[in-house]
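So the structure is just underneath, and the comments pick up after that.
We did not get these values from a lab; they are worked out from the coordinates using the rules stated. All of these numbers come straight from a predicted model, not from anything done at the bench. Here the Cβ is made from the backbone with ideal geometry for all residues, glycine too, and neighbour counts use every protein chain on show.
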Protein chains: 2
Amino acid sequence: MRDFPPGEKILRDEIISLLKRTFELYGFNPLGTPIVERWEVLSSKYGGGADILKEAFRLRDQGGRELGLRYEMTTSLARFVGMNPQIKKPFKAYQIGPVYRDGPVKRGRYREFWQCDVDIVGARSMLADAEIVNLTLDFFSRINLEIKIIVNNRKLLKEMVAKAGINKEKALEAIISLDKLAKIGQEGVLKELLGKGIAKEKASALLEMVSRKKLSAVASELPHSEGIKELEEFFSYIDNNQVIFDPSLARGLAYYTGTIYEVYLEGFGSSLAAGGRYDEMIGQFLESKEQIPAVGISFGLEPIMDVLLEQRKQAKNSVTQVLVIPIQSTAECQRITQRLRRAGIKTDMDLVGRGISANLSYANSYQIPYALIVGPEELELSKVKLRDMITGKEELLTVEDVIEKFKER
Amino acid sequence: MRDFPPGEKILRDEIISLLKRTFELYGFNPLGTPIVERWEVLSSKYGGGADILKEAFRLRDQGGRELGLRYEMTTSLARFVGMNPQIKKPFKAYQIGPVYRDGPVKRGRYREFWQCDVDIVGARSMLADAEIVNLTLDFFSRINLEIKIIVNNRKLLKEMVAKAGINKEKALEAIISLDKLAKIGQEGVLKELLGKGIAKEKASALLEMVSRKKLSAVASELPHSEGIKELEEFFSYIDNNQVIFDPSLARGLAYYTGTIYEVYLEGFGSSLAAGGRYDEMIGQFLESKEQIPAVGISFGLEPIMDVLLEQRKQAKNSVTQVLVIPIQSTAECQRITQRLRRAGIKTDMDLVGRGISANLSYANSYQIPYALIVGPEELELSKVKLRDMITGKEELLTVEDVIEKFKER
């Protein structure tokens with residue numbers, strides 16, 4: 001778990017606010033779910049699989065109820081929709097907040113990390129999957145990251161597994177091994193598949209199929225594929241060469257049922273966002289058990305921050321625009337400070353009676369771009385001295401002039 | 001623990017964003033601390049007292065470390081400043097996030113609730129206390145709530161307790177009883193004080209003193225009071241009759257050392273914000289144990305929301321501005337939708353191929369103010385039909401006209 005000092009928190013808040021802005025442009029509304037959930041919800045059938053569940057923090061309240069800290073947010077969304085069947089569908093919502101995993105601490109992996117999820121609940125059409133991917137392209141273009149979105153489909157994966165002659169019971173296991181292709185290579189995956197009792201020729205057939213790069217090349221093998229049909233429809237709504245089909249993409253989580261995607265930046269190891277379609281998860285929280293289709297994506301705030309912090313080198317450690325420095329009259333200074341604030345200028349004021357040079361060095365250390373010196377000679381002229389902290393240039397101005405100057409910028 | 005459906009979350013986000021905006025206007029920067037803290041930090045001497053500690057959620061990680069969920073945020077701030085002695089003082093920071101208490105569930109009390117804290121670390125002058133109170137006045141005037149801020153001083157309380165002849169060891173206990181004055185009345189407090197072994201004439205003397213309404217009336221009894229001196233300086237910086245001295249205000253937390261204040265709205269039981277000066281808390285997290293003065297306030301998002309939701313009756317359940325309804329061409333609709341979004345208009349689009357009347361009823365149920373109907377006749381004229389969902393008025397416009405119309409509003 002980490003603290004975020006202002007130098008990092010300012011940038012995090014900017015990214016969060018840009019995500020919020022983008023989500024809302026695409027017709028999503030904010031939803032809040034608690035960080036502490038009942039254990040029964042977190043450990044539900046579709047909650048993400050045993051590997052993740054092992055890493056969940058567990059606790060009990062004083063009434064002895066079994067609770068846990070959420071380790072992802074899709075389960076909470078599914079529970080929310082299940083408990084509120086009156087909600088008109090499609091329900092388009094976003095959630096931004098921390099999740100927790102009690103895993104081994106290593107570089108780039110944190111126990112508290114923030115996810116920013118968008119989900120469309122109640123739309124079966126590939127138009128919804130495309131909406132999520134278009135939103136993703138839009139957000140990353142706004143922060144100037146030239147990402148790639150790798151796309152596949154769980155139905156197609158199952159069809160390829162079947163075509164390779166692997167039987168149904170081993171399908172999910174085979175898909176989970178495929179997920180490690182980038183990490184452990186063809187050899188590694190082959191070894192795992194053999195270890196899971198899959199015959200060598202079947203494993204090789206699967207590996208050959210997922211190595212094809214074009215949708216048409218896979219399609220030629222599987223003429224009546226449901227997965228191919230969905231992917232073709234999906235790509236008909238997407239007109240962007242950053243979105244790439246890759247039949248080997250598998251995704252670790254158990255709950256996906258259709259389209260899956262991951263967002264990558266060249267030269268950066270982990271994905272920046274990932275998600276997919278999960279048509280069978282929400283129903284389990286409904287009394288009727290009726291299936292409710294859903295598709296979403298989760299943006300990882302930590303990897304996005306890691307990329308941006310590396311690019312920007314030095315992060316801003318204050319949002320303050322001007323520091324007011326009193327030479328004599330504190331009361332007059334307080335009045336001027338309040339006037340600037342009423343005009344919308346982010347203003348700080350000396351609260352400890354430092355000398356002028358200590359005040360200037362304080363402004364410098366917080367990278368505050370302007371200092372406003374309020375001295376007796378200036379006040380006699382009904383003026384104040386505005387100092388540009390970068391150039392050192394000073395101007396004698398009325399308070400109205402100062403306000404005008406900030407408005408222009 | 002509760003979910004916040006969009007109808008509530010939209011308003012919560014607005015309030016949070018206004019708090020952020022106000023904090024930043026006053027020269028504060030954002031700080032993030034984790035929700036899970038080491039138990040050792042949460043249970044530290046100044047962490048808030050045994051009553052609150054009893055209500056903390058406790059857990060362990062897989063390495064057996066003792067952890068807890070934070071139950072307030074001042075302790076985390078103090079730990080952060082202690083661990084980062086290089087930070088230039090005064091350090092002005094704000095934190096916004098949830099805290100947790102495993103207390104009995106009752107009306108208006110939640111186990112997860114949000115606090116919005118601002119603190120000034122490293123300024124001993126009453127100017128800092130006044131800065132916090134001015135910021136508080138400013139925020140509540142922005143949300144049109146005519147609050148009162150009740151102010152007292154812990155030094156004065158101790159002096160009054162001593163003047164009443166109550167010995168030092170019982171001072172904090174006496175102050176904690178005083179805190180219940182509004183709840184249990186003079187009789188009730190007197191009974192508690194007697195129960196704590198304080199003689200009747202001393203308890204009565206204390207109760208008489210704290211019933212005085214004017215600073216001068218208390219001052220006449222305590223000519224060399226440090227508390228009075230601080231309060232006089234504090235009030236010299238405040239020019240607002242919403243800020244009222246009350247010598248009976250005590251505050252429950254153990255860590256306050258000087259000014260204390262609570263924010264009330266007439267007719268609403270709980271305080272909307274509260275805080276004070278705590279000059280002895282941060283030092284314990286420093287190796288040097290040197291004292292670092294600090295003052296802050298915590299805004300309670302839950303009581304503020306309760307007041308606002310009551311005022312507004314019906315909360316907005318969507319921020320979406322327009323729903324695009326395709327009659328025939330999905331592709332053309334998608335293009336128009338993307339154009340509106342690029343122009344900054346919050347736009348949703350039919351994803352499920354509903355009929356026009358189902359689409360209009362969907363827009364109504366989410367209170368989306370406009371629908372944009374894209375039909376073959378309109379497209380032939382290179383136009384679309386914009387429908388005002390409140391008046392029912394429809395206009396045939398080009399997409400550029402639609403964008404202009406939204407820009408004007």
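Structure data summary
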| item | result |
| --- | --- |
| Cα-projected label distance for B:S361 with A:E55, points at 7 Å along beta-carbon direction, nm | 4.5 |
| Pair B:K405, B:A331: separation of 7 Å Cα→Cβ label points (nm) | 2.7 |
| Alpha-carbon gyration tensor eigenvalues x 5, square-rooted, for the range A:302-406, Å | 29, 14, 13 |
| Amide H within-cut-off set for A:N153, under 5 Å, with H built and near neighbours excluded | A:I260 |
| Two-decimal log10 I(q)/I(0) for chain A, as the Debye equation yields it once each C-alpha is a single scatterer, q = 0.12 Å⁻¹ | -0.99 |
| Size of electric dipole in the range B:1-125: Cβ of Lys, Arg +1 and of Asp, Glu -1, about Cα centre, debye, nearest 20 | 220 |
| Computed magnitude of the charge dipole of chain B (debye, nearest 20; Cβ of K, R +1, Cβ of D, E -1) | 680 |
| Three-way shape call for the range A:1-134 based on the alpha-carbon gyration tensor, with the a/c threshold at 1.5 | oblate |
| Three-way shape call for the range B:324-372 based on the alpha-carbon gyration tensor, with the a/c threshold at 1.5 | oblate |
| Per-residue average of Cβ from other chains inside 10 Å of B:18-29 | 6 |
| Net lengthening on full extension, B:K180/B:D306 (0.36 nm per residue, minus Cα-Cα) | 43.1 nm |
| Given charges at Cβ of Lys, Arg, Asp, Glu: the protein assembly as shown dipole, positive-most of B:V133, B:S44, A:G82 | B:S44 |
| Over chain B, relative contact order from alpha-carbon pairs under 8 Å, at least 6 apart, % | 16 |
| Table column - 3J(HN,Hα) (Hz), the range B:241-253, Karplus curve with 6.51, -1.76, 1.60, x for Gly and Pro | 7, 7, 9, 10, 6, 9, x, 8, 5, 10, 6, x, 6 |
| Full-extension gain in nm, A:D388 to A:A199, via 0.36 nm per residue minus C-alpha separation | 60.7 nm |
| Loop-located GluC sites (Glu not before Pro) in the range A:287-325 whose Cβ has at most 13 other Cβ within 10 Å (DSSP) | A:E287, A:E290 |
| The range B:166-286: C-alpha gyration tensor shape, a/c 1.5 cut-off, then a/b vs b/c | rounded |
| Label-point gap, in nm, between B:K163 and A:K168 - each point 7 angstrom along Cα→Cβ | 8.5 |
| Under Karplus coefficients 6.51, -1.76 and 1.60, residue-wise ³J(HN,Hα) of the range A:372-378 in Hz, glycine/proline x | 10, 9, 10, x, x, 5, 4 |
| Assigned charges on the beta-carbon of Lys, Arg, Asp, Glu; the range A:157-270 dipole about Cα centre (debye) | 440 |
| Kyte-Doolittle at least -1.0, axis length at least 27 Å by Cα - qualifying DSSP helices, chain A | A:6-25 |
| Ratio Rg/Rh [Cα only; Rh per Kirkwood] for the range A:127-230 | 1.04 |
| Share of pairwise Cα separations in the protein assembly as shown, more than 39 Å, in percent | 47 |
| Amide H partners (placed H, <5 Å) of B:K316, local residues excluded | none |
| Relative frequency of Cα-Cα separations exceeding 13 Å in the range A:103-150, percent | 69 |
| Extreme residue, positive dipole direction of the protein assembly as shown, given options B:A358, B:A182, B:G197 (C-beta unit charges) | B:G197 |
| Fraction of antiparallel bridges per DSSP, the protein assembly as shown only, in percent to nearest 5 | 80 |
